[in-house]
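> Pasting a structure below so you can have a look.
No value in this document is a laboratory result; all are computed from the given coordinates. This is a predicted model, so every value here is computed, not measured. Cβ placement follows ideal geometry from the backbone for every residue including glycine, while neighbour counts extend to all protein chains displayed.
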Amino acid sequence: MGRRDTAGRRKAKGPKNRAKARIKVARAHARVADVRRDWCQQTASRLVRDSQAVCLEDLAVSPLARTRLAKSVHDAAWGVLRRVLEEKAARFGRYVGVVSRWLPSSRTCHVCWVADGGKPLHVHTWRCEGCGVEHDRDLSASRVIPPPGRRRG
């Protein structure tokens, strides 16, 4: 017969201490959920207030959740943040664009539009083989993303 108390052990069914422990665990879970929800609301409000357009990458979260980053992925609540951001943007007349996960933005030259080969994540600058321009990976990727209402391709 098992017992679970606040140290993680099982409690016997019936005693009042089991009910107290259950309520204590439920409060802790509710507190974490409230903090996560509050963070999503505040972050979405700040992004919508400070910019006219926000672009998000459409990531496949479920494969990421099966890696060693699973806890971080779930703690970040990406899906909730995206939903809240889209709702607030619609309310305030802002644009939320979703960039396809298949767009090779970090390896495409924004000058000549040549897509270079894949690069490891530690590479922050690279030289385009087509035109020879030196690029910052993140800055070039932001220039490849199409502006609101316009598609490149």
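> Which far-off residues, 5 or more places away or on another chain, put their amide H under 5 Å from the one on VAL54, with H placed in the peptide plane?
Sorted by chain and number, the residues that satisfy this are TYR95, VAL96, GLY97.
> Arranged by the count of other C-beta atoms within 10 angstrom, fewest first, what order do LEU69, LEU81 take?
By the 10 Å Cβ count, ascending, the order reads LEU69, LEU81.
> Helix 16-50 versus the longest principal axis of the chain: what angle, 0 to 90°, nearest 10, using Cα atoms?
Here the helix axis deviates by roughly 20 degrees.
> While we're on this one: I'm spelling it out carefully: the read-out is Rg/Rh (Cα atoms, Kirkwood Rh), the candidates are [x] 1.17; [y] 1.00; [z] 0.92, and one was derived from this structure. Which label?
Here the calculated entry is [x].
> Which percent, to the nearest 5, of DSSP beta bridges fully inside the chain are antiparallel?
50
> So, one more: Given Cα pairs under 8 Å that are at least 6 residues apart, what percent is the relative contact order of the chain?
17
> Using a Gaussian network for the chain with springs between C-alpha atoms less than 10 Å apart, which of these wobbles most: ALA53, ALA28, ALA77?
The residue that fluctuates most here is ALA28.
> Just to confirm my understanding: which cysteines in the chain have no other cysteine beta carbon less than 4.7 Å from their beta carbon?
For the chain, the answer is CYS40, CYS55, because their Cβ atoms have no other cysteine Cβ under 4.7 Å.
> Which of rounded, prolate or oblate describes segment 103-153 when judged by the alpha-carbon gyration tensor and an a/c cut-off of 1.5?
It is prolate, given that a/c is not under 1.5 and a/b is the larger ratio.
> For a footprinting-style exposure proxy, rank LYS88, LYS119 by other Cβ within 10 Å, fewest first. All intermediate terms of the calculation are to be shown ahead of the outcome.
Values: LYS88 18, LYS119 12.
Lowest count first: LYS119, LYS88.
> Select from GLY117, HIS74, PRO15 the residue farthest towards the positive end of the dipole of the chain; place +1 on Cβ of Lys and Arg, -1 on Cβ of Asp and Glu, and compute about the Cα centre.
The residue sitting farthest along the positive end of the dipole is PRO15.
> Would you order SER45, SER140 from fewest to most other beta-carbon atoms within 10 Å of each residue's own beta-carbon?
Working: SER45 14, SER140 21.
By the 10 Å Cβ count, ascending, the order reads SER45, SER140.
> Suppose every K and R has +1 on its Cβ and every D and E has -1 on its Cβ; what is the size of the dipole of segment 1-145 about the Cα centre, in Debye to the nearest 20?
About 1960 debye.
> Can I ask one more? Identify all lysines with a Cα-Cα distance to LYS16 below 28 Å; exclude those on the same chain that are fewer than 8 residues away in sequence.
LYS24
> Let me ask something else. Which of the GluC sites (Glu not before Pro) across segment 74-153 are loop residues per DSSP, with 13 or fewer other Cβ within 10 Å?
The qualifying sites are GLU129.
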